[in-house]
1. Looking at (1) surrounded by fewer than 16 Cβ atoms within 10 Å (Cβ to Cβ); (2) on the phi < 0 side of the Ramachandran plot, can you tell me which one C:E115 breaks?
2. Looking at segment C:43-52, is at least one residue polar (S, T, N, Q), surrounded by 15 or more Cβ atoms within 10 Å (Cβ to Cβ), modelled with pLDDT of 80 or more and not in a helix (DSSP H, G or I)?
3. Let me confirm something: among C:L220, C:L230, C:L243, which residue is within 11 Å of chain A (Cβ to nearest Cβ), touching a Ser or Thr at 6+ places or on another chain (Cβ under 8 Å) and closer than 17 Å to C:I158 by Cβ?
4. Take the residues in segment C:109-145 that are part of a loop (DSSP other than H, G, I, E, B) and closer than 17 Å to A:G253 by Cα, then tell me which one is nearest to the other protein chains (Cβ to nearest Cβ).
5. Can you name the residue in segment A:43-85 that is exposed (fewer than 14 other Cβ atoms within 10 Å of the Cβ) and either under 27 Å from the mean Cα position of the chain (by Cα) or among the hydroxyl-bearing types (S, T, Y) (or both) and, of all such residues, is farthest from A:S22 (Cα to Cα)?
6. Quick test for you: out of A:T83, A:T98, pick the one residue that is hydroxyl-bearing (S, T, Y) and in contact (Cβ under 8 Å) with a residue 60 or more places away in the chain.
7. Inspect all residues belonging to segment B:24-37 and state whether any of them is within 12 Å of the chain's Cα centre (by Cα) and of a type outside the set (A, V, I, L, M).
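The values are calculated or read from the model by the stated rules, or taken from the named source; none is laboratory data. Note that the structure is a prediction, hence the values are computed from the model and not measured. Cβ: placed from backbone, ideal geometry, glycine included. Neighbour counts: every protein chain shown.
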Amino acid sequence: MRDYILKRLLMLIPVLLGISLSVFLIMQLVPGDVVSGILGIEQTPELRVMWEKKLGLDQPVHMQYLNWMGNVLRGNFGESFRTGAPVFPEIISRFQITAELAVLASFTALFIALPLGIISALKRNQPIDKGVRVAALMGVSVPSFASATLLILFLSKAFGYFTPVKYVSFLQSPGTNLEIMVLPAFILGASMAGSLMRMTRSSILEVMRQDFIKAVRAKGATERITIFRHALKNGSIPIITLVGMQMGSLLGGTVVIEQIFSIPGLGQYVLTGISQRDYPVVQGGVLFIAFVYVIINLLVDILYTYVDPRIQYT
Amino acid sequence: MKNLLEIRGLQIRTPRGKDVIKLVDKVDLDVGKKQSFGIVGESGCGKSITANALMQLLPYPLEVSGGTARFDGKNGEVELLSLTADRMRSLRGREIAMIFQEPMTALDPIFTVAFQMEEAIRFHNASINKKEMRERALEMLRRVNIPRPEQTLDSYPHQLSGGQLQRIMIAIALMNNPKLLIADEPTTALDVTIQAQILDLMNELKETADTSIIMITHDLGVIAETCQHVAVFYAGQVVEEADVGSIFHQTAHPYTIGLLRAVTSLGGEEKKLYTIPGIVPPGGLWGQGCRFADRCVKRMDKCIKDMPALAEVAPGHKCRCFLHSGEVEA
Amino acid sequence: MQAQVKQRALPGNESVLRLIWQEPLGRAGLLGVTLIVILAVLAPLISPFDVAKMHPKAKLAAPSFVYLFGTDHFGRDVFSRIIHGARVSLVVGIVSVSISAGFGYIFGMIAGFFEGKTESVILMIMDVIFAFPSILLALFIVSALGTSIVNTMIAIGIVNIPVFTRTVRASVKSVKSMDYIKNARSVGLKPAVILFKHITPNVLAPFTVQATLALSGAVLTEASMSFLGLGIQPPNPSWGSMLSDARKYMEIAPWLVIFPALFIILTILSFNVLGDALRDVLDPKLKL
């Protein structure tokens, strides 16, 4: 098992390398002059040279990349153009907020999607199945920003709700924090639940078609045992991988949701960075998020091999 | 009851789009006690689903639309098709058992062999302890000639070969001494040499146990090796039924003759492989008359208009063909 | 079990449409998509007002016979902006999906057909693209290139290349293993010829399904980007940016929120439903 993990980690390196290379290369596409962007009108040749040296722009491109990666690996993501504050610590502290949102949303999604997906599969083509499938279709077709806005509209008209202005962290005040987070987590989770419901349903249906389900019944198993012990356990294995893949769109979804609900998470950080052309922030944030996604998928894969005895650790 | 199982007028249908099509059309069968009964036919003729129906294991959306199946159970006579779900469950694995075509997929991949064998015991024995269960499982594995029963018990299905898995399935099926074992193409997915071993095993077990076997297959060779009585299925009906000797030597129905010819052409004097021209008509495309008519070399006008009844053409030998009897199906 | 030659239903295009029309959901999807397309195409002809024209006396007016969907905070007619928004969404969607599909097709074909190192490299590149959450990548690309319609299309286009590459590659691989392709090769047909004449028809079915679903995704991504202010820039109308602007005035002018949201949802929904129906028709084995 340990060998397998090691092997997967090794296979990860080219991907991580590729990600960092892509991020770096895309940043190179920025039109115009970064230094002018910072200095504006107050440029003088001396200031230019100083800034170029500072930003490492006087070096050839591949050296710039290596320098940047060297720094990244040491935890130095540079400083914000706007505030001058180091990017990495900011990313870490904001990531905790985004992580909280993501975890809450994931639990919401699983809580909604798994039972409904399973019921939908077991009561195939009956009214409840049709209802769940319509709900899932809506979940997939309604973008989170649209459902968020509509929900806020409804709540404000019906209950005088308004989006919270000031964020309170969990450690400061759990109650208030959860109050703030409940709606965004719910909307994000509901969005995810749509496709998760469909995938759960098809996974369970796929398992129910297998011979061993009929064989277990032929032995005299009760429906309960057939479904809970055999069908669901087998059906949940592929779902693990599917949930891992959903994490990507979840992380992307946080960008939008944090914006709408004024939550100071990593997504909002990157977004603000983009609007303000604060490239170290953008670069660092995107790199970090991509890394996190890749690592989440690795953990999911490892979990999968743990659960499925068929996987050989070769 | 005189026989172990008496099926009368079994009908199975399935919806397809907006229609409902018949898959099994008023089938009558009698399976005797301690008898090896073969059901032979090509894919799609209805033989498998007939067997599944007996255990109320028809896959969605198929359903039984008529008929009865009286079974002489351990606690008296029961009518299988109308049993409640609970009653059926207590029969499954205990009085009627089934083994399947693909041993590789017939066991749950995430549980050990031991667990799955013990399930078969536990489902019908609430108060048995672990040690006893393991003992019984080991004993059954030895009975089916598994070489290293202890190791096999603790293995997962994917670690074992097709032949081993099929033996395990047989062991599971016979665990509670069922009166009827339904074998649905048990050797089709196995290598020829393994096939022979499994069939030998089944014959041997049948002698020692008090079990009747329904052997479902498309392979006449298997029938010849294992069965005493045979029913030939075609397009949802029984077209010929007799003891195995008569089926092979006094073959009556043109379809059966065609099947035999196809098998013997493989190794015999004929230069070319013989196949019956045409294809089996699927449910929903059956006409008024004999369903084999358009592929039959001996077809008469009467065959296209009327459906021949399954009539007795010799003692214990039934055939559904106007060549042998003028009876028309009611 | 006997080996079966996998047969994809390849009816002519007319009968595919007919099959979809017969299913209620398919019919709904087809109608929805047609409606949006008509709106988009006819936008300049049927829109009562110019999209940028402000009516200072009628700011934030509720829907009426004159302003069917009301007016916004600048006094612009919402209905006109909505139907022009359809045009923007569709154009961005179609062009970006074409980019993804085009490159995806090429990469998928090359990867599936040539295998070996080429395939590994292509897959690695796709994995890297796939490692970014899609909207984040699109935003990132646009942040580097600058916000414009073209850059939005490029960004969304790039993001969806891996999906098409994978689909095409999978199809190519499954077809390659079929005997009649091996026969063609042994007879000496050139690889390119085999690729296009024989493999392409089999790839068409999953490809079409994927394209339809990718369109719904592209519309969604564009709307999200515009909502965040990084997609289509004003004064060009986009449902996403209209929705974002509407938030400030939600209390007093709810129609500003409802109509853009409604159209975004209906468009995405129609494409999804159509895609599902296509999948059921073209590959019934997947239907559950």
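1. The number of the failed condition is (2).
2. Within segment C:43-52, the first condition is being polar (S, T, N, Q), and the residues that meet it are C:47.
The next check asks that each one be surrounded by 15 or more Cβ atoms within 10 Å (Cβ to Cβ); those that pass are C:47.
Remaining after also requiring modelled with pLDDT of 80 or more: C:47.
Subsequent filtering for residues that are not in a helix (DSSP H, G or I) retains C:47.
Taking every residue of segment C:43-52 in turn, at least one turns out to be polar (S, T, N, Q), surrounded by 15 or more Cβ atoms within 10 Å (Cβ to Cβ), modelled with pLDDT of 80 or more and not in a helix (DSSP H, G or I).
3. C:L230
4. C:P133
5. A:T44
6. Details: A:T83 fails: in contact (Cβ under 8 Å) with a residue 60 or more places away in the chain.
Among A:T83, A:T98, only A:T98 is hydroxyl-bearing (S, T, Y) and in contact (Cβ under 8 Å) with a residue 60 or more places away in the chain.
7. yes
Yes/no matrix, rows are residues, columns are (1) over 30 Å from B:D191 (Cα atoms); (2) surrounded by fewer than 18 Cβ atoms within 10 Å (Cβ to Cβ); (3) at pLDDT below 90:
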residue	(1), (2), (3)
B:G41	no, no, yes
B:Y60	yes, yes, yes
B:G76	yes, yes, yes
B:M88	yes, no, no
B:L91	yes, no, no
B:A97	no, no, no
